[in-house]
Amino acid sequence: MSDASDTPTDFIRQMVAADVAAGKHDGRVQTRFPPEPNGYLQIGHAKAICLNFEIAKEFGGLCNLRFDDTNPEKESDEFVQAIQEDIKWLGYDWAKICFASDYFEQLYLWAIQLIESGDAYVDELSFDEMRAYRGSITEPGKPSPHRERPIEESIDLFKRMRAGEFDDGAKVLRAKIDMTHPNMNMRDPVMYRIKRMHHHRVGDAWCIYPSYDFTHGQSDSLEEITHSLCSLEFQDHRPLYDWFIEKLGIFPSKQTEFARLNLTYTVVSKRKLRDLVDGGHVTGWDDPRMPTLCGMRRRGYPAAAIRQFCATVGITKVPSTSDVALLEYAVRQELNEVAVRRMAVLDPLEIELTNWPEGEVVEVDGINNPGDESAGTRKIPFSKHLLIEQDDFKEEANRKFFRLKQDGEVRLRFGYIIKCDEVIKDEAGNPIKLLCSVDHDTLNKNPEDRKVKGVIHWVSRDHAVQAKVRMFDRLFSVEKPEGDKEKEFLDFVNPDSVTESIAYCEPSLTSLPVGETCQFERIGYFCPDSQLSAPAALVFNRTVALRDSWAKSNS
C-alpha cells in the first residue's frame, strides 16, 4: 500500500481509512510503539513496529516511540538505547521520544481525581488476600473491607503512600469498578503499588509506581494517539482502557488488537529469552541464533527482508504461527538482489595445474553481483595451486555430474577450463591432490570444439585467507518448543545449533565491511561477525543457506 488512497490491505488499515474518510480527529492519524525497556526487541516486536510506523506513513500521520517504564526492577538505559538502535536499523524514525515516566505527576493527579469522584480507593489487603477476594472465572469476587473507605481517608493515605510513610506492599490504590464483572480485569484492578526501587530516569523521586493498565491508556491520551494498536493479549484489557479514559474525561484514544507474530522453532517471550541468556544457552541477547533484532542484525539479516516478512505475514485477528522458513525465504530473496558475491572453500581439495608456470599469478575479473552491473568487479588471483571443494570432484560419476571428474573438464568460475589428468591419494585411498591441465585459451570464452557444462568455485591456495565460519541451525530441535506440557522449553534447546569450521577465502573478503552480507558462491550467504571478526582474524556467520526450502515446500 503506497498511500492512503489505495485499497486497504487489512482490517486495521480499513479501520484507519474509514476514520480518516469520516473526518474523525480531523482526519489526523497518530500511532505509537510503546516497548518496555526491560529487554531487547525481537521479531514479534518488528511486526508491531512495521504496523505502527507504516500506517502513520501511509496516512500522512506521525508515530511516537514511547517507553513504558513503570516497572523499574528490570528496566535500564541499556535497553532504551538498544531499542532506539533497532528501530532505526529497521528503517524507521519517530516523531518524538516519550517516556511513561514523563507523565508520573499527571498520572498521580488523575489518580487523586478518581479517588475524589469515588472511582478509586486505598486498599490494605495482602497480595494473597486480594487474589482470594478476586474470585475466579466461574465465581464472582467479593469486595474488600476497605472498598467503602471514606474519600478523604483514601486521599490522605494515597498522599502518604507517595511520601514514603508505608512499607513496600503495605497498601495499594485500586479502581472501584465491579467485583462481579465477568472480565476479571475489571474487578477493582490495582492502579498504584508501593515499590522502593531506583528508576533509570527519575532516580528515587518516586516510591509508588502506576500499573500498566492505569498508565497505558492515559499516556495514549496525553499524546493524543488516534489509533492505539496492541497484540491480542491486551484484548481483555480494552474495557479497562476505555473505563479510565471515560471516567477521566480525557482524549478518547482507541485501542485495537491484532494477532501477535509467532514463529516455528522459536520463542519470543522476553522472560524465556532472558532464561536463554542467563542460563548460558546462548552467548547473549545478540547471539545470531536469537530471534532478537540485534541477533538477526549480527547474523546478517537485512532490515528490508524483515520488513518484507512482516508484510507477507500480514495483520489478522486470528492467532497463528508462521514457518521460520518463510523468514529465511524473505532474507534469501533480498540478499539475492543486493549481496556481493565472493568465493570461499570450506572443505578443500588441492589442484595443481601442471602446465601453469611456477610463480605466475594472473588476476581475473570477478563479477560482484550478476544482477547489478553497478556493483562492478574485483580482482581475484589465479595461480598454479588452487583449492576446490571436495564435493566438486568424483573419480567416477554419471553423466548428470557436471563438476570435475577423472579425465573430465570443468570451468573454474571467472577463470579457465581445466581437465583432471591424475589423482593423488593418501594411504586410505582418499584424493588429496588433483593434477590438472589448464586450457590457456579459455579465459572468459568457451572452446570452439567442445562443450563444458560444469562451473565450480575455487581460490588460489597461496593467496587464500583463512577464516573461521560459524554455521547455524535451529536454536530449538522441535517446531513448537513451548507446546509440550510435560517438558520445559529449555529441554528442547538444540545442542548442535552452531558448528564451526575453517574456510579458505579469496583475499577481497578481508575488506568486506562488518554489517555487510555477501554470498559465498554456491554455498550460502555470510557476514563478518560484528563482535569477533577482524581483518587479521576473520569470523563469518552464515546468514542463510542458498537452498530455497520454503518456496520448494510450498510449491
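The values are calculated or read from the model by the stated rules, or taken from the named source; none is laboratory data. This is a predicted model, so every value here is computed, not measured. FYI the Cβ positions are ideal-geometry reconstructions off the backbone, even for glycines, and counts take in every protein chain you see. SASA here: full protein model, heavy atoms, side chains in, ligands and nucleic acids out. Shrake-Rupley method; radii C 1.70, N 1.55, O 1.52, S 1.80 Å.
Summary of computed values
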read-out	value
Among the residues listed as Asp156, Asp188, the single one being open to solvent by 40 Å² or more (accessible area, probe 1.4 Å) and either modelled with pLDDT under 95 or not basic (Lys, Arg) (or both)	Asp156
Selection within the stretch 209-248 - among the acidic types (Asp, Glu) and either over 23 Å from Ser269 (Cα atoms) or outside any helix (DSSP H, G or I) (or both)	Asp220, Glu223, Glu224, Asp242, Glu246
Test: residue in the stretch 48-65 that is open to solvent by less than 40 Å² (accessible area, probe 1.4 Å) and of a type in the set (Lys, Arg)	no
Residues of the stretch 100-143 that turn out to be open to solvent by 30 Å² or more (accessible area, probe 1.4 Å) and touching a Gly at 6+ places or on another chain (Cβ under 8 Å), as a count	5
Enumerated strands (runs of 3 or more DSSP E) restricted to the stretch 495-555, each holding at least 1 residues that are under 21 Å from Arg474 (Cα atoms), of a type in the set (A, V, I, L, M) and modelled with pLDDT of 95 or more	498-505, 538-545
Leading residue by the ranking (nearest to Asn71 (Cα to Cα)) among those in the stretch 203-237 that are touching a helix residue (DSSP H, G or I) at 6+ places or on another chain (Cβ under 9 Å) and open to solvent by 30 Å² or more (accessible area, probe 1.4 Å)	Tyr212
Pick from the stretch 424-451, criterion assigned to a strand (DSSP E or B) and over 23 Å from Pro357 (Cβ atoms), ranking: farthest from the chain's Cα centre (by Cα)	Lys425
Hits in the stretch 317-348 (condition: open to solvent by less than 10 Å² (accessible area, probe 1.4 Å) and farther than 22 Å from Thr517 by Cβ)	none
Subset tally (residues that are open to solvent by less than 30 Å² (accessible area, probe 1.4 Å) and aliphatic (A, V, I, L, M)) for the stretch 166-185	4
Among residues of the stretch 286-320, those that are among the small types (Gly, Ala, Ser), on the phi < 0 side of the Ramachandran plot and not in a helix (DSSP H, G or I), counted	1
Within the stretch 110-137, considering residues that are in a loop (DSSP other than H, G, I, E, B) and in contact with a helix residue (DSSP H, G or I) (Cβ under 9 Å, 6 or more places away or on another chain), the one farthest from Leu173 (Cα to Cα)	Ile137
The stretch 175-208: number of residues that are closer than 22 Å to Glu233 by Cα and part of a strand (DSSP E or B)	4
Qualifying residues in the stretch 279-296 (those that are out of contact with any strand residue (DSSP E or B) (no Cβ under 7 Å at 6 or more places or on another chain) and of a type outside the set (Val, Ile, Thr)) - the one surrounded by the fewest Cβ atoms within 10 Å (Cβ to Cβ)	Gly280
Residues (open to solvent by 70 Å² or more (accessible area, probe 1.4 Å) and either in contact with a strand residue (DSSP E or B) (Cβ under 9 Å, 6 or more places away or on another chain) or in contact (Cβ under 8 Å) with a residue 40 or more places away in the chain (or both)) located in the stretch 243-278	Lys247, Lys254, Arg260
Every residue from the stretch 52-84 that is part of a strand (DSSP E or B) and under 10 Å from Pro35 (Cβ atoms)	Leu65, Arg66, Phe67
Index of the failed condition, Ala163 passing every other in (1) open to solvent by less than 70 Å² (accessible area, probe 1.4 Å); (2) within 14 Å of Tyr108 (Cα to Cα)	(1)
Test set (1) part of a helix (DSSP H, G or I); (2) under 31 Å from the mean Cα position of the chain (by Cα) - Arg260 fails condition number	(1)
Residue within the stretch 466-474 that is more than 27 Å from Glu334 (Cα to Cα) and surrounded by fewer than 16 Cβ atoms within 10 Å (Cβ to Cβ) present	yes
Single match in Asp77, Asp69 (criterion: touching a residue at least 60 places away in the same chain (Cβ under 8 Å) and open to solvent by less than 20 Å² (accessible area, probe 1.4 Å))	Asp69
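Listed here are the residues, each with its yes/no results for (1) surrounded by fewer than 16 Cβ atoms within 10 Å (Cβ to Cβ); (2) not basic (Lys, Arg).
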site: Gln406; (1), (2): no, yes
site: Asp421; (1), (2): yes, yes
site: Ile424; (1), (2): yes, yes
site: Lys433; (1), (2): yes, no
site: Asp439; (1), (2): no, yes
